[in-house]
Each structure stands twice: as structure tokens, then as C-alpha cells.
1. With springs connecting C-alpha atoms under 10 Å apart, model the chain as a Gaussian network and identify which of Leu129, Leu406, Leu438 has the largest mean-square fluctuation.
2. Within 10 Å, count the other beta carbons around each residue, average over each peptide in 174-180, 133-139, 408-414, and list them highest first.
3. Once amide H atoms are placed 1.01 Å from N in the peptide plane, what residues at a sequence separation of 5 or more from Asn261, or on another chain, have their amide H within under 5 Å of its amide H?
4. If I take every Cα pair under 8 Å that is 6 or more residues apart in the range 1-100, average their sequence separation and divide by the length, what percent do I get for the relative contact order?
5. For the range 128-213, what's the relative contact order in percent, using C-alpha pairs closer than 8 Å and at least 6 residues apart?
6. When every alpha-carbon pair in the range 128-213 is counted, what percent end up more than 14 Å apart?
7. On a C-alpha basis, how far is the centre of the range 213-228 from the centre of the range 99-177 in Å? Whole number, if you could?
8. Among Lys203, Lys216, Lys91, whose mean-square fluctuation peaks in a Gaussian network model of the chain (Cα, cutoff 10 Å)?
Amino acid sequence: MGTLFGTILVFLFVFGILVFIHEFGHFFMAKLVGVRVEVFSFGFGKRLLGRRKGPTDYRISLIPVGGYVKFLGEEAFETGRILEPDSFMAKNRWKRFLIIVMGAVMNVLLAVLIFTIVNMAGVSVPEYLNEKPVIGWIDAGSPAAKTGLQIDDEIMSINQKKVETWSDVELTIGTKPEKLLALEIKRGGTIIPVELMTEKDKKYKFDLGYAGFYGKILTVIQIVTPNSAAEKGGLKAGDEIRAINGVPVYFYKFIQVIEKNAEKELEFDVVREGRPVLLRITPQRKGQVGKIGVQPVMKSVEMKYGLIGALSQSLKDCSNMAFALLDLIKKLFTGQASPTKNLGGPLEIASMSYSFFQLGFMKLLWFVGFLSLQLGVINLLPIPILPLDGTQIFILGLEGIMRRDLGPKLKQVWTQIMFAVFMFLFGFLILNDLVRRLPHGWKSLMPF
């Protein structure tokens, strides 16, 4: 019950920020261009409580899955109708455009601000992500293994786009499940072209690309279990593993070496507080594999920037995330990505919000920025059948080209269609969130 209550509170905190900043954008610009705001609501449906100040009713409504700002005269579709000077439809198209677009703009600006703050405060990231993409481990039977890639191969480009770090590689591979990719590999000073067919990564519930190669990821011991083989051998939390029996060992191979050498003494080359240490540890047999009683993690570094550097990195992060989102949307519309595996609704957002909350405030703040950027980008898309700001921008653009407003009946029908699509999508997202928690997903609903 405590976890459920905490999840609800964190979700309301996260969603409240996103909704408020978006609707405040509309509200602020409306005030700036002289449009009367009648309602500023968090949530939809019946008014629960609120306060009227001036011409505006600030309220909290029954269904807390969004919010809205209602302008005077925004539904005045009839031609020839006399409009008050501070009515929404009394303003020219440019001013109406500014009001509509400012919600999404505020979400994007919030994301840039949050990522800048996070980058200035310092963020812990795996060290290898900013290193050259030199392969240090290949999963057996993976696409990389089938293609013939080797340890120490350096990835130079993917689909003719240069990659400089593992971060570039993982972003490219992750957004391209089950795709044939053209790689350029540097091996012993020679550039070799390689074609690699990615697979879907089964470790995640969302569709992410999987190639099966990893960098030279150094291993750090996070936890040592009391009375374990590791503790008896002198291994301590914070130790950095460099080699076992004289052979360099990276993160994924470290676990494999331990498991394959039950009851065999191993010589560990360790770096402790900058000094080399040599330890002898014998893995205990647990079932069919060896264990030494540690929790290993990837070596991380603290990335901290000054104001200009933090802002620059923030803009780069936002750009990468935005293009990844647009690529996913394109795949959803072309049938290349599954909506059941790649879309999350309120329940999924609530669950992820609580997970980030457990990792600390800065992680939760980063997640708010991530969601805010997505909300901003999606609301700028001119998809005519979705009830988004982009649809209103599309209509304004269409009217600008025709140099006249669309007919009142057409606008009313258009609005009704968008509402029906919204209700369908909202219902699907809720159902998808629930089904995702069943043992076999959507297959659990099949009678045979």
C-alpha cells in the first residue's frame, strides 16, 4: 500500500509539472496578446475545487490525466458572429498561432533547463560511453558474432554516419531493431565494410535494437557479501578489476570467468585507491556455477559542466532524443514498430516515475525533463486526427494558405473526430499498461 501511495504521489508531482508548464505557456501568451482566459484547469471533467481570480477560474478537475486552458470565444465557429475584442477568434492567425504553439515550446524549454541543471550538478555515467567504440565483448550467438566481428574491432560508422563514442553507437543500434545496418570497422589499421542485421533486445519490454557487442567496460565492485569468498580473499567495495590470471577482463567477461571456475583459485589484478593490488580468490560452487559473493557494476565517472558546457550538452541531448522520438513515430505509422511494445500510458509513466524517484531527486528531475521534451515534440506534430496543438497549428496553416477560415460545420465534425480518436487512444494505452503486467502480455488474453 505504501508503494502504491508513493507511486501515486510521485506521478501527480511529475504529471503536475508537465501539465502546468504546458498550459502556462498557452495562458502566458494569451495574456500577452490580449485574449481573455476563462478557465485554467488541471485535469478534465467535473470541477472539484478551485478559485476564481478576475475573469479566470483556476480549477482542479476530476480526471487528472492532463489539463486545459479555455479562451473566450475559442469555439465561436459561426461566420459573421460579433466577437469581443479579447476573444480568441478576434485575434489574427499569427497571434492564435503563438498562443497554441507556446505550450509545446514551454515543454521543450523546460527540458533544456532541466538537462542544463542536471549537467551542472553532475551526473554519474558509465565511463565507456564517452570512449571510442572499440569492442571488448561479443555475446555468443549474437548478430555481432554471426557477422564475424572481433574483439578490438573499432566501429567507425553506421549507415555512413560517423560514430565517435559508444553513446553514439548505442543510440543508433537501440533505435533500429531488426534492421540491416552497414558498418565500417577498423581492424589492424584496415577499414572493413560489414553488414549486420540487428535483433530485438529481449531484456526490455520496449522494442530496442540488439547487436551483441559491448565496449571495454571496466568492472567496479559495489557490494561484497559478508563471509563470502570475495571477502575472505580481501576484495573490497570500490575495487576496480583489471585482470584475472593475467588476462584483461571486462564487465561481461568478469561474470563468465567467475562462473566457469568454481572451486579453482584465481589471481585478481585490482586497482584500489589508485594502487595495484594482487588478490587470490577461489569461487565457491553454487549449483552449477562459481560465485564469489559480489555485486559488480560498470565503472562510472562524474560528468560535471560549467554553465555554457551544460547548456551545450543539454541542447545536444535534446536533439538526440527528439530525433529518436521522431524516428519511432515514423516506424509506428509505417508498421515497423509495435504500438503495444513501444507506447506507455499513465500507469507506465507512474511506474517509471516511482522507479526514478527511488534513484534520487536528480534522476527524477532528469525523467521530468525527458517526458517534457517528448510532450513538447509530440504536440508540435501536425497530425490532423489527433487532439494535439500540432493539429490546431495544421488548421491555422491550412486556413492561411486558403486565406479564409474553415466552415463551422467542418470544424465541429473535425473536433468530434479528434475527441473520438483521443478516447480510443486513451483507452488503448490504459489497457496496454494493464496487459503489459500480465505474465504473457497480450497472449494472456488469448483463449488458446
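1. It is Leu438.
2. The peptides rank, most packed first, as 133-139, 174-180, 408-414.
3. Hits under the 5 Å cutoff: Gly290.
4. Answer for the range 1-100 is 25 percent.
5. 32
6. Percent of Cα pairs beyond 14 Å in the range 128-213: 61.
7. 22
8. Result: Lys203 has the largest fluctuation of those listed.
Here, each number is a calculation from the coordinates, and none is a lab measurement. Since we're looking at a predicted model, the values are computed, not measured. Every residue, glycine as well, gets a Cβ built from its backbone with ideal geometry; the counts of neighbours run over all protein chains shown.
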